[in-house]
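Down below is the structure, laid out as structure tokens.
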Amino acid sequence: MTGTLLAIQGLTKAYPGVLANDAVSFDIGTGEVHALLGENGAGKSTLVKMIYGLVKPDAGRMVMQGAPYAPNAPRAARAAGVAMVFQHFSLFEALTVAENIALGMENPPAMRDLATRIRTVSQTYGLPLDPARVVGDLSAGERQRVEIIRCLLQSPRLLIMDEPTSVLTPQEVAILFETLRKLRSEGVSILYISHKLEEIRALCDTATILRGGRKVATCTPAEKTARDLAEMMVGAVLKVPERHAAPSGDPLLKVTGLSVASPAQFGTALRDISFAVRPGEVLGIGGVAGNGQDELLLALSGELLSRRGMVTVAGQDVSREGPVARRAAGLLCAPEERLGHAAAPDMSLTENAALTAAARMGMLRQGFINWVAARGYAEKVIAAFDVRTPGPQVAARALSGGNLQKFVIGREVLQAPRVLVVNQPTWGVDAAAAAAIRQALLDLAAGGAAVVVISQDLDELMEIADRFGALNGGRLSALRPTAGLSVDEIGLMMGGAHGMEVAHVG
Amino acid sequence: MIRLEKRRMPSQVWTWAAPVVAVLATMVAGGAVFAALGKDPLVAIRTIFWDPLFSEFAFYYRPQLMIKGAPLVLIAIGLSLGFRAGIWNIGAEGQYIMGALAGAGVALAAYPLEAAWLFPAMVIAGALGGWAWAMIPGLLKVTLGTNEILVSLMLVYVAEKILAAMALGLMKNPDGFGFPGSRNLQQYPSATSWIDQAAGLHWGVAAAFIAVIAAYVLLSRHVLGFQIRLAGQAPRAARFAGVNTARLVLFCLGTSGALAGMAGLFEVAGPSGVVSIDFNAGYGFTAIIVAFLGRLHPLGILLAGGLMALTYVGGDMAQANLQLPKAAIQLFQGMMLFFLLAVDVFTNFRLRINLRGAA
Amino acid sequence: MEMLINIAAFMFVAATPLTLAAIGETVVERAGVLNLGVEGMMIMGAIVGFMVAVNSGSPVLGLVMAAAGGMGLSLIFAFVTQVALANQVASGLALTLFGLGLSALLGQGYQGVKPPAFPQGDIPLLADIPVLGPILFQQDPVVYLAIALTVAVFVFLRFSRAGLVLRAVGENHDAAHALGYKVVRIRIAAIAFGGACAGLGGAYISLIRVPQWTEGMTAGIGWIALALVVFGAWRPLLVGLGACIFGGIEAVQLNLQAAGVAIPVSLLAMSPYLITILVLVIMSAVRTGAPASLGRPFHASS
């Protein structure tokens, strides 16, 4: 390390009702991998957006190599040598790899030259990529490579990576780390945003921890235990959920040879998926995003119909039934996307309670909705799951992610399902809420329900699932008991490193 | 620097204030247009908005309000169901024509029979005619995913051509000395929709009030109304909830088509009386404005329909007394929708003015 | 033979307003905006172009001002949808109703007036080729302009940097915003271009094709142009081809009417609309990729 590349001094940014960043200061050294650690809502993204010129700070300043640095747009940030790999929203599915990369560059060369340069850089850094392919057809890991190469082509001085490993298999993570170490050795600084503690301890030279918009500490992560870091990040000792269910009896949910096409243009078709879940059991389904998770949930919720005999609930074939009939049979679901799928953003919590619970909780009489009953049920969910909101009349979109997720999970759990399927139950949720949700799922299983948890958070699955399987290209691996499963085994179940056979990392 | 900032909750105040502000803004902008045409804007606005209700000849104009307002409300109620669900039937004008033709066809075929069942049969035929015309885009959308906006609109032009062919051919009055147009149904006691012509009361007025009440109950209490709102606001959440999208499309298009068809029948069997090449006065399009101006809410539509009827009646007065061109009223109505859409931003966003500027 | 040449030559005349409006709308939709107000902008162009041409005696100036008129109207739409974030479907309808009203008002007193004649654009030498000459090279300059514009838009979208950015905005406005592109500005520019094209197309009808002014004279051509964009799968060359096919149908239909063939006139008159529906039905079965952000409102939350 040779001095400071970017000094952040007292950056403050307020949004109505929230102080997203409160006088945050730290230095990023030249050739340093600097971790930015914090829970969801700690203010990491706001801080990064200010560095990248997407958001203007209310107060404070930044200094890059001695000169004031105040980008008013991403263009200015890129000109100053700052590049960013986004977690979401930055690729164009219908465009090719080369077009996507050209869009992220200030002065792209002609398309043919660009394609050559993409090939060169991708080989140098062990990230193979075909410039002519349409991005929508790429796996999540490959998409990330597009973003990384887009950044590398601009020879950045500072590379910002926002939760880069959430879409990768363990093997792909190892390769990514090699690439990042190589960049560090070339003098590039990396700001690495994550909430995964082990990764940070393995990769990063320095870590800055944010909590509630404030900086808690800057430290050397290798010198701290994961537990120390977690406590600094969360500010309280976490409770590990208790499991005391013993799966027994005939399967409640049985999926046999399930194959369906995806309704989405760039989706993944499900191929020959079979599994059974018994009362009291939690089945964990992992896998990299985009390998059929959404489709599996749709096929179980009844939004996608399958052929006769593919999905049965307690012996009843529901394959040709829609969501209403499946709910009546006791199969309930909670999709990944809270706003717009699990809940209607502009509708009140009362209305959102009626969304899935109307029939089971006796709110319907001859087609007319009893809104008093719906309101009562919403209040019950709010109380039982500690949903922080002024009341059930509030629109769903006004709730924070964690609170809405608690409401959505609570809405299904309190209907006493026989089978509950959840997709990404704690994604983007703060640690306390995540713990509460996991406990609720375990309690439900303890009460004799069968629970299927689809998640990309492997730690979560290892914590609560009895058995584990991984989705890869729309197929489900063989199921294994979670006890004693190693990271390498999990990685292989998830499909190893996608398309990395030709990679030479030097 | 001025920025828009999304509200956490839609503003209740603006939901109801927006149409009022839009109407006021339209009066100002419309006044400017009238002034540019060389008319006194205050007199013009008063002629349009005040005189039909309160001038010494108001006794003549008030019934006209009901006559103009009824079809607008009836059509707009149907359209609002679809608009709420994100189903865009903009071909109500065609459904209105086809309903009128079907209903009038029954009467003309039965002429000169006098029977109590004739008028109900006409109403049913009218509703079916509009319904069937709306089912074309409906079925195409459900089975093939064809865009209902363009199909329903194209069918307006097709309906107009059919109307022309009917008025000049099959439905032409055999005793009409070769003039185009059908027999006058006003003079056919079993077929007319008039209840009390002097009071401006015909069955369409009654139907409009019934439709308002039924739509209100449907939207606020019934699970179908809930599904309609859900499908429009969050289509994926609707599928998750178990809404049968195809059935909803057919219901919304079918209902709006049937109501538009009935409106056409009431018109042709009453105020118009005759199937003529241009008996349709564009109510099917104006009703789109009424639906939005009424916030797609049944009671709002009732008020908006009344207001829009006022601009028609007042526009006629202004045409007669001030020589204000008829097109000025059409422009005025279009302007109102624009202002509403623009003002509506405040329902979901608030304006933040940062006086420190872009630092 | 004579009749076939006439039909082929008139095909281009009938296709030109469609091409202009549809190419403009293609650019708008590729930027992710659905402007259903094409009909309104066309009729606006028709009357503005007509008035200017009659009063100035210059049909070229009329065309230029028609483009400006269409653009002016489209900017209202741009403001309402891009700044005030109103629903694009409703705003497009409003634009059409507004345009019809405004044009009728402006057109008071222009009914029955004859506009100045537009110069023919015969191309020397080529125009004298038998058969092909009358079809391809004895057209008015606007026909050539429409063809050139189609090719230019194709090249722009396919090969230029600005075209790539425009497509990116239409595919994923959040990603484009994250990369620092000015989504709203780019969309407003696209909408303005679409408005100018529609205005030009409208003026072509009132100044060259008919040529006179009657209320509502665009008679659904703007809507057919919208269908053509779907038909051409948002690709300029296919959209242009589609316009030619529609122009051909129109030419055949009018010739059959004139020739008094034993098909009812009303059926012939409704054929363009029925064929549009048929085309939409066929295309909906084929399912081609519309821009992913089409019709979705964009608000930068950060």
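What follows draws every value from the coordinates through simple rules; no lab data is involved. Quick caveat: nothing in here was measured; it's all calculated off a predicted structure. Please note: Cβ atoms are built from the backbone with ideal geometry, for glycine as well, and neighbour counts cover all protein chains shown.
Here is how the numbers come out for the structure above:
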quantity: Between 0 and 90°, nearest 10: helix A:140-152 axis offset from chain A longest Cα axis; calculated: 20 degrees
quantity: Top of B:ALA304, B:ALA164, B:ALA234 by mean-square fluctuation, Gaussian network on chain B, Cα under 10 Å; calculated: B:ALA234
quantity: Whole-number D in µm²/s for region C:42-109 (Stokes-Einstein; Kirkwood sum over Cα pairs; 37 °C, 0.692 mPa s); calculated: 265 µm²/s
quantity: Whole-Å distance, taken between Cα centres, linking region A:105-155 and region B:289-323; calculated: 59 Å
quantity: P(r) histogram, all alpha-carbon pairs of region B:21-179 included - 5 Å bins from 0, percent; calculated: 2, 8, 11, 13, 13, 13, 13, 13, 9, 5, 1, 0
quantity: Region C:1-46: mean projected area of Cα convex hull, nm²; calculated: 3.9 nm²
quantity: Evaluated over the protein assembly as shown, the Cα radius of gyration and Dmax, each in Å; calculated: 32.6, 105
quantity: Whichever lysines have a C-alpha closer than 22 Å to that of B:LYS326, once near sequence neighbours (fewer than 8 apart) are set aside; calculated: B:LYS39, B:LYS68
quantity: Centroid-to-centroid separation of region B:232-253 and region C:189-250 [C-alpha atoms, Å]; calculated: 34 Å
quantity: Overall Cα dimensions of region B:46-97 - principal axes, largest extent first, Å; calculated: 44, 22, 13
quantity: Where Rh is the Kirkwood radius over Cα pairs, Rg/Rh for region C:1-81; calculated: 1.09
quantity: Cβ-defined net charge surrounding B:GLN323, 14 Å radius [Lys, Arg +1; Asp, Glu -1]; calculated: 0
quantity: Gaussian network model of chain C, springs between alpha carbon atoms under 10 Å - residue of C:ALA104, C:ALA190, C:ALA243 with greatest fluctuation; calculated: C:ALA104
quantity: 10 Å Cβ neighbours from other chains, averaged over peptide B:323-331; calculated: 5
quantity: Extent along principal axes [Cα atoms of region A:56-162; Å; largest to smallest]; calculated: 43, 25, 23
quantity: Alpha-carbon Rg with Dmax, taken over region B:91-215, Å; calculated: 16.2, 49
quantity: Value at 222 nm in deg cm²/dmol, rounded to 500, when DSSP H runs of n ≥ 4 in chain B each add -39,500 (n - 2.57); calculated: -23500 deg cm²/dmol
quantity: From the C-alpha gyration tensor of region A:160-237, square roots of 5λ in Å; calculated: 22, 14, 12
quantity: For C:ARG235, B:ARG183, A:ARG327, order by how many other beta-carbon atoms lie within 10 Å, fewest first; calculated: C:ARG235, B:ARG183, A:ARG327
quantity: For chain B, the longest site-free run once GluC sites (Glu not before Pro) in DSSP loop states with at most 16 other Cβ atoms within 10 Å are removed; calculated: B:115-359
quantity: Between 0 and 90°, nearest 10: helix A:431-446 axis offset from chain A longest Cα axis; calculated: 30 degrees
quantity: Reach of A:LYS380 by Cα under 16 Å, taken over aspartates and glutamates that are not fewer than 8 positions away in the same chain; calculated: A:GLU351, A:GLU412
quantity: Among C:ALA189, C:ALA53, C:ALA219: highest mean-square fluctuation, GNM of chain C, C-alpha pairs under 10 Å; calculated: C:ALA219
quantity: Cα pair count fraction exceeding 32 Å, expressed as % - region A:4-234; calculated: 17 percent
quantity: nm² value of the averaged projected area, convex hull over the Cα atoms of chain B; calculated: 21.9 nm²
quantity: Scattering curve values for chain A, log₁₀ I(q)/I(0), Debye with Cα scatterers, q = 0.09, 0.13 Å⁻¹; calculated: -0.68, -1.33
quantity: Chain B: angle of helix B:223-233 to the longest principal axis, Cα-based, in degrees nearest 10; calculated: 50 degrees
quantity: Computed [θ] at 222 nm, helices only, for chain A once each DSSP H run of length n ≥ 4 contributes -39500 (n - 2.57); calculated: -9500 deg cm²/dmol
quantity: Cβ-based exposure ranking for C:HIS177, C:HIS299, in which fewest neighbours within 10 Å come first; calculated: C:HIS299, C:HIS177
quantity: Relative frequency of Cα-Cα separations exceeding 30 Å in region A:253-493, percent; calculated: 22 percent
quantity: Entries in B:LYS141/B:LYS172; B:LYS141/C:LYS182; A:LYS224/B:LYS6; A:LYS215/A:LYS406; B:LYS141/B:LYS161 that, when Cα-Cα distance is taken, lie over 32 Å; calculated: B:LYS141/B:LYS172; B:LYS141/C:LYS182; A:LYS224/B:LYS6
quantity: Compactness of region A:336-471 - radius of gyration and Dmax, Cα, Å; calculated: 14.7, 46
quantity: Bins of 20 Å from zero: percent of alpha-carbon pairs in chain C; calculated: 34, 57, 9, 0
quantity: Region A:314-373 - Rg over Rh from alpha carbon coordinates, Kirkwood radius; calculated: 1.00
quantity: Two-decimal Rg/Rh across region C:149-285, once Rg and the Kirkwood Rh are taken from alpha-carbon atoms; calculated: 1.06
quantity: Alpha-carbon centroids, region B:163-185 and region A:191-229: separation in whole Å; calculated: 85 Å
